[in-house]
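First up is the structure itself, then whatever we jot down about it.
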Amino acid sequence: MKNDLPKRKPNRLKGFDYSSDGAYFITICTKNKEQIFSKIVYDKTVGANIVRPSAIGKIIEKDILKIEKIYPCIFVDSYVIMPNHIHLLLTIDTIRRPMVAPTIATVIKQFKGAVSKEVGTTVWQKGFYDHIIRDDEDYNTKAQYIDTNPLTWERDELYTER
């Protein structure tokens, strides 16, 4: 029966306008945590782990870079394509680009749909995680996390052995 199903915890902050100006940290995982977006490999010339995107990862990157063209008031400040998830740092700025902004959910739904259409199947886990950036310190912490995520892949909470 329908009532026997577990209730899903709401993902969004109740009463918050997700189309309002501000920055948002987004995490989207692969379906079943499959490692299909990239490989993290040690590069001797760099002396650190780097991201080597798969064919799907290259499609994802192309579609990430399209977000600003589709939604001119949304800026992709930073992103990383990890083996089984991506992180995005998005800013909605209707002051620099006056217009009605879409919600973050609309942007992510369009993005995931575009990737799935190009790949030929859905590669995504249902939903996504968001964190509303509170201040400059919070923004800098999330931006640094994105930048260093490949370096600390083996300690990442989404890390799994292949």
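Would you pick out the residues in the range 93-121 that are of a type in the set (D, E, K, R) and either closer than 19 Å to Tyr24 by Cβ or in contact with an Asp or Glu (Cβ under 6 Å, 6 or more places away or on another chain) (or both)? First the steps, then the outcome.
Here is the first cut: in the range 93-121, the residues of a type in the set (D, E, K, R) are 93, 96-97, 109, 112, 117-118.
Within the range 93-121, Asp93, Arg96, Arg97, Lys109, Lys112 meet the criteria.
Return the total of residues in the range 53-74 being hydrophobic (A, V, I, L, M, F, W, C) and closer than 13 Å to Pro102 by Cβ. I'd like the intermediate steps shown before the answer.
Residues of the range 53-74 hydrophobic (A, V, I, L, M, F, W, C): 55-56, 59-60, 64-65, 67, 70, 73-74.
Cutting the leftovers down to closer than 13 Å to Pro102 by Cβ gives us 67, 70, 73-74.
Summing the residues that are hydrophobic (A, V, I, L, M, F, W, C) and closer than 13 Å to Pro102 by Cβ in the range 53-74 gives 4.
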Assuming Val41 fulfils every condition listed in (1) free of Cβ contacts under 8 Å to residues at least 40 places away in the same chain; (2) under 16 Å from Tyr145 (Cα atoms) apart from one, which condition is it? (2)
Residues in the range 149-161: is at least one surrounded by 15 or more Cβ atoms within 10 Å (Cβ to Cβ) and free of Cβ contacts under 8 Å to residues at least 12 places away in the same chain? yes
Kindly state which strands (runs of 3 or more DSSP E) lie completely within the range 38-147 and contain at least 1 residues that are open to solvent by 20 Å² or more (accessible area, probe 1.4 Å) and closer than 24 Å to Phe16 by Cβ. 74-81, 85-92, 129-132
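The values are calculated or read from the model by the stated rules, or taken from the named source; none is laboratory data. As the structure is a computational prediction, the values presented were derived from the model and not from experiment. Glycine also receives a Cβ, built like all others from the backbone with ideal geometry; neighbour counts cover every protein chain displayed. Ligands, DNA and RNA are excluded from the accessible area calculation, which covers all protein heavy atoms including side chains. Shrake-Rupley method; radii C 1.70, N 1.55, O 1.52, S 1.80 Å.
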